[in-house]
Protein chains: 2
Amino acid sequence: MKITIIGAGNLATCLGKALKASRYEVVQVFSRTEQSAKVLATMLEAQPITHIEWVNDGADVYIFAVKDSVLPILVEELGKKYPKKIFLHTAGSMPLSIFPAVLAHCGVFYPLQTFSKTAEVDFREIPIFIEGRDEKAMQAMMEIGQSISDNVRTITSADRKYIHLAAVWSCNFVNHCYNRAAKVLAERNLPFDVLYPLIDETRRKVHHIHPQKAQTGPAVRYDENVIAMQKELMDTDEMGQELYELLSKDIHRFAEDHL
Amino acid sequence: MKITIIGAGNLATCLGKALKASRYEVVQVFSRTEQSAKVLATMLEAQPITHIEWVNDGADVYIFAVKDSVLPILVEELGKKYPKKIFLHTAGSMPLSIFPAVLAHCGVFYPLQTFSKTAEVDFREIPIFIEGRDEKAMQAMMEIGQSISDNVRTITSADRKYIHLAAVWSCNFVNHCYNRAAKVLAERNLPFDVLYPLIDETRRKVHHIHPQKAQTGPAVRYDENVIAMQKELMDTDEMGQELYELLSKDIHRFAEDHL
């Protein structure tokens, strides 16, 4: 199976590298940004293109790893041109129905991970959630998926939305809490790396203990003295205080619900 | 140096075990809850006691690992009785000044970690922040600290408050985001463990990349479609929606500040 990748961002880059490592031939890499297209295409020994009309019929599978906002436009345009090809998109929150009806062989191929261009990830451990319109799309996704990951699962569009929501909580929002901690320390010229053992242990725990049981700290027992004092430390940062209070209340509410 | 531990909770348990492993003799373990006192005292081959008046003068160092709310009462009571002993407390948010003036040798011994009675932690990696009233307390803390950890640092009460605030952000609030993710999945009968690779990678990244740069997902680019759709998925959970929105706004604001 030959593959063309539409997109050259974080996910496109990591996925492209994993595909190449599994000896797939990548034919073309599309990005509106010439530099991005060139960088990824060079890595994958593919042809870089910057106009969607330049996507040719040389691939069997077209994988879309682009922003949600442009995805419908791109699949519409290429779908009309190559209705017999296999079209896959990688967006957790986009349903299968985004593909126009003219496409018989299409599917969603959603790797559940946070990708950076520079961070090497071990794709074998990444769960890939697949949903296909027909058997041909399913088989292609199963083959591609299993060649790069040990964890390929079928899922409905409805369930996938919740997986994506859970991913936002456990990755983006978690990372923002790290960022908030970094800000607190930076303002006192304290180094962020003192938190590494704590950060590591916090995530290690939830591999064994449900996060409900793993909770510690002032919010779970709603220690008003500590909470008031800590809010005061952020007195120049209204949004920080608001978020601190809301998180503390929510933690306490969860704890009470589980008494 | 002989040690008596006031408290038998998570921190007291983990610290007691680390002290015993470093061959310190633990004389007494105090907890109002008989069962807790007995469990920890048995582990440490110490005497379990359930009344603060039963704390004797057999130790050189008295370590308080109790709730912030009872700490002042306990140090007051024992301080009057044994003013020549070394008194240490372990509370991140409590200043050194909590100790009555009569105590010449006192200090704060704050291990920056989240402790569970059951989770084994490697104390050697845990940063311990110390602050002493006099040289004798400092020396005792340095000796005890370095015998269980490779990362003992001096700190002021003022800075320690910020360390503790950063710990709440990077541990308690992070854990709550995990808990929120677990709730989302549980409501659809989806397993939490599909998130492990994502959770692991999210924390792994911040060892190398500042969390500001590591951020991904819909909030950082404020993708209103995805944000609205995800909020809708939590339509029976007002607090969840509110928190989701506030976190998304804060992420976006941070991203704009760094453009």
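The values are calculated or read from the model by the stated rules, or taken from the named source; none is laboratory data. No experiment lies behind these values; they were computed from the predicted model shown. As a convention, Cβ positions derive from the backbone with ideal geometry for all residues, glycine included, and neighbour counts pool all protein chains shown.
Descriptive notes on the structure:
- Residues located in segment B:91-147, provided they are over 14 Å from the mean Cα position of the chain (by Cα) and in contact (Cβ under 8 Å) with a residue 40 or more places away in the chain: B:PRO95, B:LEU96, B:SER97, B:LYS136, B:ALA137, B:ALA140, B:MET141, B:GLU143, B:ILE144, B:SER147
- Yes/no for B:ARG180 being in contact (Cβ under 8 Å) with a residue 60 or more places away in the chain and either over 27 Å from A:GLU120 (Cα atoms) or exposed (fewer than 15 other Cβ atoms within 10 Å of the Cβ) (or both): yes
- Screening A:ASP134, A:ASP122, A:ASP150 for residues that are under 30 Å from B:GLN212 (Cα atoms) and out of contact with any Leu (no Cβ under 8 Å at 6 or more places or on another chain) leaves exactly one candidate, A:ASP122.
- The set of residues in segment A:124-140 that are outside any strand (DSSP E or B) and within 14 Å of chain B (Cβ to nearest Cβ) comprises A:ARG124, A:GLU125, A:ILE126, A:PRO127.
- Residues of segment B:232-247 that are more than 27 Å from the chain's Cα centre (by Cα) and facing another protein chain (nearest Cβ under 9 Å): B:LEU233, B:MET234, B:GLU242.
- Whichever residue in segment B:155-165 is touching a strand residue (DSSP E or B) at 6+ places or on another chain (Cβ under 7 Å) and crowded, with 23+ Cβ neighbours inside 10 Å and, among such residues, is nearest to the other protein chains (Cβ to nearest Cβ): B:ILE163
- Among the residues of segment A:223-253, those that are assigned to a helix (DSSP H, G or I) and either in contact with an Asp or Glu (Cβ under 7 Å, 6 or more places away or on another chain) or not assigned by TED's automatic domain parsing to the domain that holds A:VAL184 (or both) comprise A:ASN225, A:VAL226, A:LYS231, A:MET239, A:LEU243, A:LEU246.
- When A:ALA41, A:ALA12 are screened for being at pLDDT 95 or above, within 14 Å of another protein chain (Cβ to nearest Cβ), touching a strand residue (DSSP E or B) at 6+ places or on another chain (Cβ under 7 Å) and under 24 Å from A:SER147 (Cβ atoms), only A:ALA12 passes.
- In segment B:15-29, the residues that are surrounded by fewer than 22 Cβ atoms within 10 Å (Cβ to Cβ) and either under 19 Å from A:THR216 (Cβ atoms) or charged (D, E, K, R) (or both): B:LYS17, B:ALA18, B:LYS20, B:ARG23, B:GLU25
- Some residue of segment B:74-84 being within 20 Å of B:PHE115 (Cα to Cα) and modelled with pLDDT of 95 or more: no
- Candidates in segment A:141-165 are the residues that are in a helix (DSSP H, G or I) and of a type in the set (Ser, Thr, Tyr); of these, the one that is farthest from B:SER248 (Cα to Cα) is A:SER147.
- Of the set (1) over 20 Å from A:LYS213 (Cβ atoms); (2) of a type in the set (A, V, I, L, M, F, W, C); (3) within 11 Å of another protein chain (Cβ to nearest Cβ), all apply to B:LEU185 but (1).
- Hey, A:TYR110 closer than 29 Å to B:LEU198 by Cβ, hydroxyl-bearing (Ser, Thr, Tyr) and either surrounded by 16 or more Cβ atoms within 10 Å (Cβ to Cβ) or in the same structural domain as A:MET142 (by TED's automatic domain parsing) (or both) or not: yes
A quick yes/no check of all residues on (1) surrounded by 24 or more Cβ atoms within 10 Å (Cβ to Cβ); (2) more than 7 Å from chain A (Cβ to nearest Cβ); (3) not in a helix (DSSP H, G or I):
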site	(1), (2), (3)
B:ALA167	yes, no, no
B:SER170	yes, no, no
B:LEU190	no, no, yes
B:TYR196	no, no, no
B:GLN212	no, no, no
B:THR216	no, no, yes
B:ARG221	no, yes, yes
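- Single unsatisfied condition, B:VAL152 versus (1) more than 7 Å from chain A (Cβ to nearest Cβ); (2) crowded, with 23+ Cβ neighbours inside 10 Å; (3) β-branched (Val, Ile, Thr): (2)
- From the list A:TYR196, A:TYR178, A:TYR162, the lone residue that is farther than 15 Å from B:LYS161 by Cα and touching a His at 6+ places or on another chain (Cβ under 8 Å) is A:TYR196.
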